[in-house]
1. Of the conditions (1) of a type in the set (S, T, N, Q); (2) closer than 22 Å to residue A:26 by Cβ; (3) crowded, with 24+ Cβ neighbours inside 10 Å, residue B:139 satisfies every one except a single condition; which number is it?
2. What residue, among those in segment B:185-201 that are at pLDDT below 90 and aliphatic (A, V, I, L, M), is nearest to residue A:56 (Cα to Cα)?
3. Among the residues of segment B:408-423, which ones are within 30 Å of residue B:308 (Cα to Cα) and not hydrophobic (A, V, I, L, M, F, W, C)?
4. Out of all the residues in segment A:7-65, which are under 20 Å from residue B:40 (Cα atoms) and touching a Phe, Trp or Tyr at 6+ places or on another chain (Cβ under 6 Å)?
5. Out of the residues in segment B:365-406 that are more than 28 Å from the chain's Cα centre (by Cα) and not small (Gly, Ala, Ser), state the one that is modelled with the lowest pLDDT.
6. Could you check segment B:346-465 for strands (runs of 3 or more DSSP E) lying wholly inside it with 2 or more residues that are buried (at least 22 other Cβ atoms within 10 Å of the Cβ) and free of Cβ contacts under 8 Å to residues at least 60 places away in the same chain?
7. Only one of these is closer than 24 Å to residue B:138 by Cβ, at the interface with chain A (Cβ under 7 Å from one of its Cβ atoms), touching a residue at least 12 places away in the same chain (Cβ under 8 Å) and under 27 Å from the mean Cα position of the chain (by Cα): B:44, B:106, B:20. Name it.
8. Out of segment B:48-75, which residues are under 17 Å from residue B:23 (Cβ atoms) and more than 8 Å from chain A (Cβ to nearest Cβ)?
Amino acid sequence: MTEITIFVLAVFVGFEVISKVPTTLHTPLMSQTNAIHGIVMLGGLIVLGYADDGLEYVIGTIAVAFGAINIVGGFMVTDRMLGMFSKRPKPAASSASHPGASGSEKGSDK
Amino acid sequence: MIQAVLQPGGSAATALYIVAFSLFIVGIKQGTHPTTAKRGNLVAAGGMAVAVVATLLLDGMGNWGLIFLGLGIGTAVGVIASIRVQMTEMPQMVALYNGVGGGAVALIAWSEIRHGISLGEDFPLDELIPVIFAGVVGSVSFWGSNIAFAKLQDLIPTRPLAAPGQQVINAVLLLAIVTICVILAVDHESPSQGLFILLLVLAAILGNLVVLPIGGADMPVVISLLNAFTGLSAAAAGFALDNVALIVAGTLVGSSGTILTMEMATAMNRSVANVLFAGFGGAPSGGGGGSGEEKPHVSIGAQDAAIKLAYADTVVIVPGYGLAVAQAQHAIKEVADELEARGVTVNYAIHPVAGRMPGHMNVLLAEADVAYENLKEMEEINPEMSRTDVAVVVGANDVTNPAAKNDPDSPIAGMPIIEVSEAQEVIVIKRSLSPGFAGIDNDLFYEPNTSMLFADAKAAASEIAAEIGNL
């Protein structure tokens, strides 16, 4: 019963916490929540930690690896996306406006 | 069974779990504001680290070699993939990460069933039902996400693929899945592992069949929905394992993911059900160009475009996925810089679903150092359109199609669009007249104030920037 209570409360926390998000942040936020459901790796750890037959070893190890990809990849990718936004300290917009500056790697084919 | 072992030594773990999901909640909350989003992500990652450590400290854990093998492989793959992925490929990366999460859930559920059966005891229903749910949803999510990944990566065609009678097949599959669930639950004293595996396989087929008919344009909604599903299945696994952290974190993702999904669907003026069951856009698929009669359009070169832009007062750039594919964000920024140096006001109009995910275009433009203030959302820019001299559409298509407003019979009727045709002049940079993801012709291309610049977005933008510089 307590678990059901926790579940229902968590549903409402999830609804409340998310409600107003600027479109800009939808992808990063989706990616972050995606990383958080990597929590299933804990299930993999538990299953593997108490496994005692060959197939369970295999299943458990794959589950842990999958979960770890989900967690590590998810958080890192989110960090990269958000890093794009934070490197915005651009004191003088016009001073950086000669074309080579921003397009140094991409602009070579003009 | 397992959880009986866990409960006694669980109090320290429970305390750490409470810390962990507090951090998750704070992390998600901060993720909704631009200034705190980056910190929020780190906070949530910290919460995850705490939760992992807490789990490793549980009494009676063993098989450390395999645990660290799994952790090592997963971490290495995650790190390498995240470093190497291009910003344009983010949506499919998220789909892939979501898929492996779902796969982990399905595997855990299978393992739980095996474990329960091997103990030869009565399988309590309050564990069996979550296990079954986790298995089915995890499997659907795994395969659905993989198909979404394959579509976005162009490994399989993005256009809707549907067999005749698809809905009937899906319904039969669903019925079979429900039936097996019921049989397993009724027989909870000794559930059959074979039936459970069959269940996983049927769910896998269903995951494939549900996502295959959905067109590329709807993929963001699908990924977001699958993300929410994976969260819910993780919560179900938490019920089965009596693990509070899984329940809370999984549920948080399930509910927040549902909200995100609905917001995205709303932005496209479609219901989630419509996205899932109506795969639109099969209609005029005459590849390459005109499916009907060749309609008249105006074609210009980079120099003409440069002149139109250089002598404008206000320019609005409307980027779309074509810009992302061509990696043209830096080149476009050069054009904007040249124009701003000449005193032209340049803004960017971001449709809620520009690119392949909401916010995707913002990420790409931020990568090219476009100032945040210049990125205007659709509602903000549309009233400005009639006062705009030149609107430049770069690799965007369906989100500018006036048919959404004017033609009630259009498949995209009612979808909010960037009203570029209100501008004095429109320049569309595009490789051909071919239709976009929705698979329908864009009336914008044939309007009298529209000029088409047929070129790769990046090459064209670089050329225009150079031409403006020469003026």
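1. It fails just one condition, (2).
2. In this case the residue turns out to be B:185.
3. Those that are within 30 Å of residue B:308 (Cα to Cα) and not hydrophobic (A, V, I, L, M, F, W, C): B:416, B:419, B:421, B:422.
4. A:34, A:35, A:36, listed by residue number.
5. B:406
6. Once the strands (runs of 3 or more DSSP E) in segment B:346-465 are filtered for at least 2 residues that are buried (at least 22 other Cβ atoms within 10 Å of the Cβ) and free of Cβ contacts under 8 Å to residues at least 60 places away in the same chain, what remains is B:425-430.
7. B:44
8. Restricting attention to segment B:48-75, the residues satisfying the condition of being under 17 Å from residue B:23 (Cβ atoms) are B:48-55.
Correct list: B:49, B:50, B:53, B:54.
The values are calculated or read from the model by the stated rules, or taken from the named source; none is laboratory data. Quantities reported herein were computed from a predicted structural model and do not represent experimental measurements. Positions of Cβ are backbone-derived with ideal geometry, glycine not excepted, and every protein chain shown enters the neighbour counts.
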